[in-house]
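What follows is calculated from the coordinates using simple rules that are stated; it is not laboratory data. In this text the structure is predicted, and so the values were computed from the model without any measurement. Glycine gets a Cβ as well: all are built from the backbone with ideal geometry, and neighbour counts include every protein chain shown.
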């Protein structure tokens, strides 16, 4: 009996150690980023940094570090991608979980998993050759734009949204459907008014993960968005996101310029943290309303 208790205690300690590694990793990364980025604000005000529209780190007499164009670029590209991928992803998940035959669902699941495994640089090449050309011919402009970046990110976030949403729908009890059918509801009414609301917390989690993928993606967006450090003027304008700015300048930055890139990382970190907290709050509130 004592040996069994010691064994269980050892397993608990191992699991606690593994969980602590994740927490400590986030903590160390956070401390490192803030330690390297915070000194910039002794020379540049937070307001000028967040709401400045000029990014001129190479100006020797008057360097400026305004990242508002990059913040707006990240928002435009991310929410543009979600606007395209969320409806398609949820409808695909509903089809796979409730309508498709097991064989068809398995084929679709395999294809979606393959889509998730494609390297981002391949998506970038596809965006340059196909999507940018399509946008240029259909809507005008250079083709390297917010719209092109949103389309390529929508394709990249689809696997995450579909997989998580499908698992959430499949995990629901069959009694929910049986009860709905017993009350005279059709299949579509059951899906729309019973299954999707009940699985909404899982679906929202999939959307959050997709949002994180869109916000953190760099290579594919760098290849199709135009990488212009200017205020985005619309769907067809060139754009630079926060991640693109870090990658573009990191190779040659030094001094205050390098510190400003770490400050940009701070903003990106806080931005993702706030979004996750907000969506988790909405998800928990939705779950309580359903219950």
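Apply the a/c threshold of 1.5 to the C-alpha gyration tensor of the chain and tell me whether it is rounded, prolate or oblate.
oblate
Could you grab the relative contact order for region 15-92? Cα pairs under 8 Å, six or more apart, rounded to a whole percent.
Values: 36 pairs, mean separation 13.4, N = 78.
Worked out over region 15-92, it gives 17 percent.
Would you compute, from DSSP H runs of 4+ residues alone, the mean residue ellipticity of the chain at 222 nm, taking -39500 (n - 2.57) per run and dividing by the full residue count, rounded to the nearest 500?
It comes out at -23500 deg cm²/dmol, rounded to the nearest 500.
Please report how far the C-alpha centroid of region 84-146 lies from that of region 201-230, rounded to the nearest whole angstrom.
What the calculation gives is 14 Å, centre to centre.
Apply the a/c threshold of 1.5 to the C-alpha gyration tensor of region 209-285 and tell me whether it is rounded, prolate or oblate.
Working: a/c = 2.37, a/b = 1.41, b/c = 1.68.
Oblate shape, in that a/c is at least 1.5 and b/c is the bigger or equal ratio.
Cα gyration tensor of region 20-99, axes a ≥ b ≥ c as square roots of the eigenvalues: rounded (a/c below 1.5), prolate (a/b > b/c) or oblate?
Oblate is the answer for region 20-99, as a/c is 1.5 or above yet b/c matches or exceeds a/b.
Arranged from highest to lowest average of other beta-carbon atoms within 10 Å per residue, in what order do the peptides 156-164, 105-113 appear?
Peptide ranking by packing, descending: 156-164, 105-113.
Among 16-26, 261-271, how do they line up by average Cβ neighbours within 10 Å per residue, starting with the highest? Don't jump to the answer; show the numbers that get you there.
Numbers: 16-26: 9.8, 261-271: 19.7.
Result, highest mean first: 261-271, 16-26.
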